[in-house]
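Q: Starting off with a structure, shown below.
The values are calculated or read from the model by the stated rules, or taken from the named source; none is laboratory data. Bear in mind the structure is a predicted one, so any value in this text is a computation, not a measurement. Neighbour counts are summed over all protein chains in view; Cβ atoms, including those assigned to glycine, are modelled from backbone coordinates with ideal geometry.
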């Protein structure tokens, strides 16, 4: 990516990004643009360079921000009516770190409201179109950020991934998507969805750029006590896989998976072999239960996290309410999208007395079995290879009447999330009709850079 | 397990969401489908398996008991509410 220096002006980089954002208006990538602030920041960086002062590693680089990251520049809406007018009083740690290195946020991207969804159709502001076919979905929930990179509006964008929300839209739009190890990047200042699986990551055009961005936003943060000690380094070269062994997950290439997707994954396995990797098939029958586990555990956490939206301290408040109970109940009915309400109600169902043991506790025990299966696989393999999504981007409106069918699109992305593992979505091919198909590389905890190293090695082969 | 109309109303109450009549039936259908999907977990033997609530098994992350600056100031925070008075958020009578 281009960094500002004496020849390349930050103002020109930012202007170009803003122009491209406006020219792509019909894709509905952005909820809001940050034009005045962005240009002001760019001018300051150019002035610093002019004076010969030190500037950051991402000086003048424009980026797009998923609209669930808090920043006082513009409103943070989470694509929900509830937060339509919410001006954040603080800055998310990831954003503050990027800005300290000179990166410039040019706009806030569309998402499924509260990041609940896999298509960006659950946005209060309407869907985002796929970069390769406007009649198809961008994927989600970080759909806007994926399309912003795919359309070359910005060289990178931030997203959040709770169960696939970076990886799946990255696949639908053919860009690199990084879902880091749980705890690698601070969650401070990002609208909470499910606290045990929320991760903050990025989209970029290649593995090297993605690594640069991640090396900046990752790290321990006193404002998020679940963050891990710093381990992400600038240099990808140091992260070579030791054994060069890859497990191809057989269970993810059969029934319910588009043959074109399976072919792209098998072709990638062949490329790995040609690059000196040993690729062996592995069976992980537990994976088929991951979706049920996920849609119990995550809604339970969603229900808890979204209790804070009560219409009292901030956000939407119903004008129809006469007493305190009505403020809560009407505000929440008006402010949430239907999918938000479904997840809150499912969450309260699995947590309620009488059902807790049968659903929530059962799922958390099954989650242990899933983690054990991964641990066992990593005794033999450096990384696991599987598809990101069962098929390429689907048509806008195709799944909106059937929430369970929509959940099925997450079947391959939720397993690593439940285990806190890093997982990369890497461009690898296209369907006959020209829709991008990525592959997914999953590794042990904190092996993020090794996965990106593998991807970088294969990028040009 | 199947979700009844009464279940939907009970969950709406637990969730502090007021539903209009036309929302109830579609929610009943959707929640019923989703909850039935969960039943496949019965196939798994989880006897003697410990639950995982948190992947990294972190416990008691301590910090020094000193005031930290979280940037936000009182005025900005109060400006986010619909109504405030004397540095307090105003709500309808509770009792």
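Q: Listed residues B:16, B:45, B:30, B:7; which is modelled with pLDDT of 95 or more, more than 7 Å from every other protein chain (Cβ to nearest Cβ) and within 20 Å of residue A:352 (Cβ to Cβ)? Can you show your working first?
A: Details: B:16 fails: more than 7 Å from every other protein chain (Cβ to nearest Cβ); B:45 fails: within 20 Å of residue A:352 (Cβ to Cβ); B:30 fails: more than 7 Å from every other protein chain (Cβ to nearest Cβ).
Result: B:7 is the single residue among B:16, B:45, B:30, B:7 that is modelled with pLDDT of 95 or more, more than 7 Å from every other protein chain (Cβ to nearest Cβ) and within 20 Å of residue A:352 (Cβ to Cβ).
Q: Could we say that residue B:64 is at pLDDT 85 or above, touching a helix residue (DSSP H, G or I) at 6+ places or on another chain (Cβ under 8 Å) and in a loop (DSSP other than H, G, I, E, B) here?
A: In short, no.
Q: Provide a single number: the residues in the range A:253-290 that are farther than 23 Å from residue A:461 by Cβ and crowded, with 17+ Cβ neighbours inside 10 Å.
A: So the count comes out to 7.
Q: Say we look at the range A:356-391 and pick out the residues that are touching a helix residue (DSSP H, G or I) at 6+ places or on another chain (Cβ under 7 Å) and part of a loop (DSSP other than H, G, I, E, B); which of these is nearest to the other protein chains (Cβ to nearest Cβ)?
A: A:390
Q: Which members of the range A:342-355 meet the condition of being surrounded by fewer than 24 Cβ atoms within 10 Å (Cβ to Cβ), facing chain B (nearest Cβ under 7 Å) and touching a residue at least 12 places away in the same chain (Cβ under 8 Å)?
A: A:342
Q: Does residue A:421 count as surrounded by 21 or more Cβ atoms within 10 Å (Cβ to Cβ), within 9 Å of chain B (Cβ to nearest Cβ), more than 30 Å from residue B:16 (Cβ to Cβ) and touching a helix residue (DSSP H, G or I) at 6+ places or on another chain (Cβ under 8 Å)?
A: yes
Q: Considering each residue of the range A:404-418, count those that are modelled with pLDDT of 95 or more and either more than 12 Å from every other protein chain (Cβ to nearest Cβ) or buried (at least 24 other Cβ atoms within 10 Å of the Cβ) (or both), and give that number.
A: Residues flagged as modelled with pLDDT of 95 or more and either more than 12 Å from every other protein chain (Cβ to nearest Cβ) or buried (at least 24 other Cβ atoms within 10 Å of the Cβ) (or both) within the range A:404-418 amount to 8.
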